[in-house]
Amino acid sequence: MIAEIGHYALVLALGLALVQMIVPAWGARTGDAGLMSVAGSTALAQFAFTGTAFAALAWCHLASDFSVANVYENSHSAKPFLYKLTGIWGNHEGSMLLWVLILALFGALVALFSANLPMRLRAHVLAVQGAIAAAFDLFILLTSNPFARLSPAPYEGRDLNPVLQDIGLAVHPPLLYLGYVGFSISFCFAMAALIEGRIDAAWARWVRPWALAAWMFLTLGIAMGSYWAYYELGWGGFWFWDPVENASLMPWLAGTALLHSAVVMEKREALKIWTILLAILAFSLSLIGTFLVRSGVLTSVHTFANDPARGVFILMILVAFIGGAFALYAWRAPALKAGGLFAPISREGALVLNNLFLTAACATVFVGTLYPLALEALTGDKISVGAPFFNATFAPLMVPLLAAIPFGPLLAWKRGDLYAAAQRLLAAFGLALLAVATVFAVEQGGPVLAPFGIGLAVFVMAGAASDIVERAGLLRLPFPTALARAAGLPRSAWGTALAHFGVGVTLLGIVGNTQWSAERIVALKPGETVSLRQYDLTFEGAVPRAGPNYRELAARLTVRRKGEVIGVLEPSKRTFPVRGATTTEAALMTRGASQLYASVGDSEADGSVMLRLYHKPLVLLIWLGALVMVAGGLLSLSDRRLRVGAPKPARARAAAQPAE
Amino acid sequence: MTRKQRRLAVIAAALGVLGLATGLVLGALRDSIVFFNSPTDIVEKEVPPGARIRVGGLVRPGSVQRSEGMQIRFEVTDGNAALPVVYRGLLPDLFREGQGVVAEGALDAGGVFRADTVLAKHDETYMPKEVADALKKQGHWKNDSGSKGAAAEPQGVVR
């Protein structure tokens, strides 16, 4: 009964989405305020019904109702509560339902917080949002119904894929989807602007908080996914250049570019058409990401079996929305009034450079991800494009971008002075040189790239700090005055500095991890010791244990440093009898920002166990840097300019009238 | 600077970055892509030793040998030809005899494939797509997943 209620609620949500798509747009055409105001209430109702459908599926999963096929396929009565909950979206149907739930949530949020938006713009934004929701509701109902019943009902479920039975599944997909789907809002705003043929600085002010929020969620989602892959897959890598990972990186790159170009548009009314294009691109790439993951067209180490028929449906949605958006763009964008010009050396110029490098990097990732697909379709040759390709293309494009980061905020709008900016960065540059020299001295013949990588990271971090120091006048003015000035700086300035600082932190982690990691693969008998850098690891023996729905064999390793015991590592191999599957559970020991990493392989007849051991210097900084970036975003989001900068509703409506 | 010069500066920068990206992509596509082959392909195409390739097929039952120094030897077969593979390191969780596998590495002078990466499927109902295609080509594909009921159902990982 509950499942049928959920199914019915989803059908109603589809109906409401169709109403939300058609009625407000019609109202905007005819200038009928009553019809336009339908948008808000349908968006809220659509969220309520999608929420009901999701709650129904959640109930079926939590109650282990195996008569529902989706629960039977992905659950087991002995599965721990947390995984019963996360198992809702640990499968195709459920994850698509989560996708539309988040889409409906964003629609409802726009409806709630858009009181100060011009009425026509609001109607158009929500109408486009309704169209996307309708397409995906239809996709779920026609090809991936999560509420399908089985008859007769099985007694027991087939359990969730063991790789997914992890806390990572609770956090990573919802965050990632909040990011992916969050970009639908800026997409809808872009579509609305194109439909109305009118765009101004206020538009950028409305879009920026939504884009920033989506970007923050996407950053967190990617970082969480990277950490999850790092400890769960047992290879000790943080990024595999896997198509599915690239699928999330591409919207992130486009979204980062969008954030920066929206600043230019808000402050200087320039780059309007470009910003619209980026808003379309960011969400289009999110849709492509969904398509790549959901259709299984690309072989990926993360891909599980998928149904190609669904791929065709998503491809159709893709073609309709992306094609439609670009057609509209080609038709209407030339009619938009272009913004003012600016000197190449200026804040705007720096942001354009940022955009160029980000979009070029995004394009290389796009080529690397889709080239195998295109080649196979054209010639039948099967190739894989892996880390070497991306290291040779993505990294060289990132280096100049990173080196340019500290300059941007120090250049003035309209016409900047590169020489003055460089002078202000002298201290940061000195620190970077010092870092390079120190690393060279300490390393003595280590990887050559490491000192320069660390130097670049220090330059980015110190450059971000110099921006704040410079603005507050910390070195020029008396200390209390400077402190007062620092406190009085707009929060967005602090946010920018913090986010850029976070980029440096992540880079530090990446350099440390890729250049200085030590790896050992050994077979140890109980009592034997192996040394890795300054640590000695003694294998005490293998301990069999039983979990709620698995058995595991844990290898107990005592870690000593200079003869002193500093802890125990217990990597294990888990066997899940229901699926007959095994997973590797890595063990981690954190020492400062570095980690010791152990994963266990097969055990031999003579009692020895294969172990893969890593020392990963600075690895935690990779994800810590992402958190710092998000903190910077949060600070910017709380800037009062973003909240009260938009015109008051009465004025906006008055201003909107003559345009009709 | 006149308007025209400013516009030219932006266009020049855009073309510069675009050119750089294109150059990098073309260079990398020439050097760092890896072709996928079945054991039959390797025999027929006479793949030169040292060229980086991927090989996919089934692990031939009874062929897995472990020796000192954690070296593992096994044969990858597509039912027609078999290729000896040597790998040093930890095998993936689902590496088993008779199961699909993809190995990346290069042939040595003696015709043995030295793999530095071995990928196996992550799910017991899933066969790597390249392997399935290679087996179909050799006529050895049998869809035995029916024995597991609705085994062909998707197990999407949400990433």
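The values are calculated or read from the model by the stated rules, or taken from the named source; none is laboratory data. Because the structure is predicted, anything quoted here is derived from the model rather than measured. For neighbour counting, all protein chains shown are included, and Cβ atoms are generated from backbone atoms with ideal geometry for every residue, glycine included.
Quick check on my filter: what residues within segment A:599-624 are away from every other protein chain (no Cβ under 11 Å), modelled with pLDDT of 90 or more and in a strand (DSSP E or B)? Scanning segment A:599-624 gives A:TYR614, A:HIS615, A:LYS616.
Are any of the residues in segment A:343-360 basic (Lys, Arg), more than 9 Å from every other protein chain (Cβ to nearest Cβ) and buried (at least 19 other Cβ atoms within 10 Å of the Cβ)? Can you show your working first?
Going residue by residue through segment A:343-360, those that are basic (Lys, Arg) are A:347.
The next check asks that each one be more than 9 Å from every other protein chain (Cβ to nearest Cβ); those that pass are A:347.
With buried (at least 19 other Cβ atoms within 10 Å of the Cβ) added as a condition, the list becomes A:347.
The answer is yes; a qualifying residue exists.
Evaluate segment B:61-72: report whether one residue or more is surrounded by 14 or more Cβ atoms within 10 Å (Cβ to Cβ), in contact with a helix residue (DSSP H, G or I) (Cβ under 9 Å, 6 or more places away or on another chain) and among the aliphatic types (A, V, I, L, M). Walk me through it before giving the result.
Here is the first cut: in segment B:61-72, the residues surrounded by 14 or more Cβ atoms within 10 Å (Cβ to Cβ) are B:63-64, B:66, B:70, B:72.
With in contact with a helix residue (DSSP H, G or I) (Cβ under 9 Å, 6 or more places away or on another chain) added as a condition, the list becomes none.
No, segment B:61-72 contains no residue that is surrounded by 14 or more Cβ atoms within 10 Å (Cβ to Cβ), in contact with a helix residue (DSSP H, G or I) (Cβ under 9 Å, 6 or more places away or on another chain) and among the aliphatic types (A, V, I, L, M).
Where strands (runs of 3 or more DSSP E) sit wholly within segment A:455-551, those with at least 1 residues that are surrounded by 15 or more Cβ atoms within 10 Å (Cβ to Cβ), β-branched (Val, Ile, Thr) and free of Cβ contacts under 8 Å to residues at least 24 places away in the same chain occupy A:535-546. Counting only residues that are under 18 Å from the mean Cα position of the chain (by Cα) and within 14 Å of chain A (Cβ to nearest Cβ), segment B:60-96 holds 12 of them. Count of segment A:138-179 residues, restricted to those that are within 16 Å of A:SER95 (Cβ to Cβ), in a helix (DSSP H, G or I) and at pLDDT below 85, is 2. For segment A:366-404, the tally of residues that are more than 10 Å from chain B (Cβ to nearest Cβ) and surrounded by 21 or more Cβ atoms within 10 Å (Cβ to Cβ) stands at 1. Applying the selection to segment A:574-588, what residues are in contact with a strand residue (DSSP E or B) (Cβ under 7 Å, 6 or more places away or on another chain) and among the aliphatic types (A, V, I, L, M)? Passing the criteria: A:ALA586, A:ALA587, A:LEU588.
Given A:PRO647, A:PRO658, A:PRO571, A:PRO577, which one is in contact with a helix residue (DSSP H, G or I) (Cβ under 9 Å, 6 or more places away or on another chain) and at pLDDT below 95?
Details: A:PRO658 fails: in contact with a helix residue (DSSP H, G or I) (Cβ under 9 Å, 6 or more places away or on another chain); A:PRO571 fails: in contact with a helix residue (DSSP H, G or I) (Cβ under 9 Å, 6 or more places away or on another chain); A:PRO577 fails: in contact with a helix residue (DSSP H, G or I) (Cβ under 9 Å, 6 or more places away or on another chain).
When all the criteria are applied, what remains is A:PRO647.
Entry remark, segment B:31-55: residues being facing chain A (nearest Cβ under 10 Å), assigned to a helix (DSSP H, G or I) and surrounded by fewer than 19 Cβ atoms within 10 Å (Cβ to Cβ) number 1 in total.
Considering only segment B:57-121, give the strands (runs of 3 or more DSSP E) lying wholly within it that have at least 3 residues that are touching a residue at least 12 places away in the same chain (Cβ under 8 Å), among the aliphatic types (A, V, I, L, M) and under 26 Å from A:THR575 (Cβ atoms). Walk me through how you get there before you give the answer.
Numbers: elements: B:65-67, B:71-77, B:82-88, B:100-107, B:113-120.
Result: B:100-107, B:113-120.
Check segment A:44-62 and report whether any residue there is at negative phi, over 30 Å from the mean Cα position of the chain (by Cα) and surrounded by fewer than 23 Cβ atoms within 10 Å (Cβ to Cβ). No, there is no match, as no residue in segment A:44-62 is at negative phi, over 30 Å from the mean Cα position of the chain (by Cα) and surrounded by fewer than 23 Cβ atoms within 10 Å (Cβ to Cβ).
Results for (1) aromatic (Phe, Trp, Tyr); (2) surrounded by fewer than 24 Cβ atoms within 10 Å (Cβ to Cβ), shown as yes or no for each residue.
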residue: A:TYR231; (1), (2): yes, yes
residue: A:TRP241; (1), (2): yes, yes
residue: A:LEU258; (1), (2): no, no
residue: A:VAL263; (1), (2): no, yes
residue: A:SER284; (1), (2): no, yes
residue: A:ILE288; (1), (2): no, yes
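Total residues in segment B:1-17 satisfying the condition of being of a type in the set (S, T, N, Q) and either assigned to a helix (DSSP H, G or I) or surrounded by 11 or more Cβ atoms within 10 Å (Cβ to Cβ) (or both): the figure is 1.
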